[in-house]
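Read through the structure below, which is laid out as structure tokens, and then see the notes.
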Amino acid sequence: EAAVTQSPRSKVAVTGGKVTLSCHQTNNHDYMYWYRQDTGHGLRLIHYSYVADSTEKGDIPDGYKASRPSQENFSLILELASLSQTAVYFCASSWDNSYEQYFGPGTRLTVL
Amino acid sequence: QQKVQQSPESLIVPEGAMTSLNCTFSDSASQYFAWYRQHSGKAPKALMSIFSNGEKEEGRFTIHLNKASLHFSLHIRDSQPSDSALYLCAVGGTGNYKYVFGAGTRLKVIA
């Protein structure tokens, strides 16, 4: 079974603070993704990457930065956290865009 | 830009019923069509996928794809309370083609 881990699993941050969410995969997948999910809703793509040291903007990149230092690791950075960024964040990986994505367990972020 | 829409938004069915979920997409160049299931508090997990027109059956689940009508669907035979979840459809393609999820259908199966 493909493995994607995320840390932390939950976090409380203050408005204006910096938050870094980390994702690690052991699947040897080229593609990695960051999504946010608001309560009861679907997934919205924030950033994705198909090769180390390169990231691409998704549908809602404003307020977020991403970093892919290696094939296995993909981080999401909120430089100035805001209340509207309270959500559950999922990381996923896949072989490419025509294969299934494997999701991590999610990080519940609360910004106060 | 690819638009993926699901219907209905929510659905309540009795145990043992047939459940049908729908997904429409806007880009005819799409190549990968999948359904994911997400139980409450858990991560989404791929359920089934299809690449070419037609249907594919796995146990109680069947996926239909009609590229000409830009539509695919998931049918659940003999629905069980354990099938209660958020169902997400997804559309993708090769290379840098953006992978897009629908907003989801929330299914509740009552015993």
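The values are calculated or read from the model by the stated rules, or taken from the named source; none is laboratory data. Bear in mind the structure is a predicted one, so any value in this text is a computation, not a measurement. All Cβ positions, glycine included, derive from the backbone under ideal geometry; neighbour counts span all protein chains shown. All accessible areas refer to the heavy atoms of the entire protein, side chains included, with ligands and DNA or RNA removed. Shrake-Rupley method; radii C 1.70, N 1.55, O 1.52, S 1.80 Å.
Odds and ends about this structure:
- Restricting A:THR39, A:THR55, A:THR5, A:THR20 to those that are more than 18 Å from B:ALA34 (Cβ to Cβ) and either over 13 Å from the mean Cα position of the chain (by Cα) or not in a strand (DSSP E or B) (or both) reduces the list to A:THR39.
- Output for region A:25-36, where each listed residue is closer than 22 Å to A:ASP59 by Cα and under 14 Å from the mean Cα position of the chain (by Cα): A:TYR31, A:MET32, A:TYR33, A:TRP34, A:TYR35, A:ARG36
- Looking only at region B:69-96, residues that are at pLDDT below 95 and open to solvent by 50 Å² or more (accessible area, probe 1.4 Å) come to 2 in all.
- Residues of region A:72-103 that are open to solvent by 50 Å² or more (accessible area, probe 1.4 Å), away from chain B (no Cβ under 14 Å) and more than 11 Å from the chain's Cα centre (by Cα): A:GLU72, A:GLU79, A:LEU80, A:LEU83, A:SER84, A:THR86.
- A single entry from B:GLN6, B:GLN2 fulfils the requirement of being in contact with a Gly (Cβ under 8 Å, 6 or more places away or on another chain) and either at pLDDT 95 or above or closer than 19 Å to A:ALA92 by Cβ (or both): B:GLN6.
- Here A:SER93, A:SER70, A:SER98, A:SER84 are screened, and the one residue that is assigned to a helix (DSSP H, G or I) and farther than 15 Å from A:LYS11 by Cβ is A:SER84.
- Of note, A:ARG36 does not satisfy the criterion of being under 25 Å from B:CYS89 (Cβ atoms) and either modelled with pLDDT under 95 or in contact with a His (Cβ under 9 Å, 6 or more places away or on another chain) (or both).
- B:SER49, sole failed condition from (1) within 22 Å of A:ASN97 (Cα to Cα); (2) within 13 Å of chain A (Cβ to nearest Cβ); (3) open to solvent by less than 20 Å² (accessible area, probe 1.4 Å): (3)
- Cβ-Cβ under 8 Å pairs, at least 6 apart or on other chains, region A:29-45 side hydrophobic (A, V, I, L, M, F, W, C), far side open to solvent by 50 Å² or more (accessible area, probe 1.4 Å): A:LEU45/A:ASP59; A:LEU45/B:LYS98
- Among the candidates A:ARG68, A:ARG44, residue that is open to solvent by 10 Å² or more (accessible area, probe 1.4 Å) and touching a strand residue (DSSP E or B) at 6+ places or on another chain (Cβ under 8 Å): A:ARG44
- Of all residues in region B:1-50, those being free of Cβ contacts under 8 Å to residues at least 12 places away in the same chain and under 12 Å from the mean Cα position of the chain (by Cα) number 1.
- Of the residues making up region B:67-105, those that are touching a helix residue (DSSP H, G or I) at 6+ places or on another chain (Cβ under 9 Å) and within 14 Å of another protein chain (Cβ to nearest Cβ) number 0.
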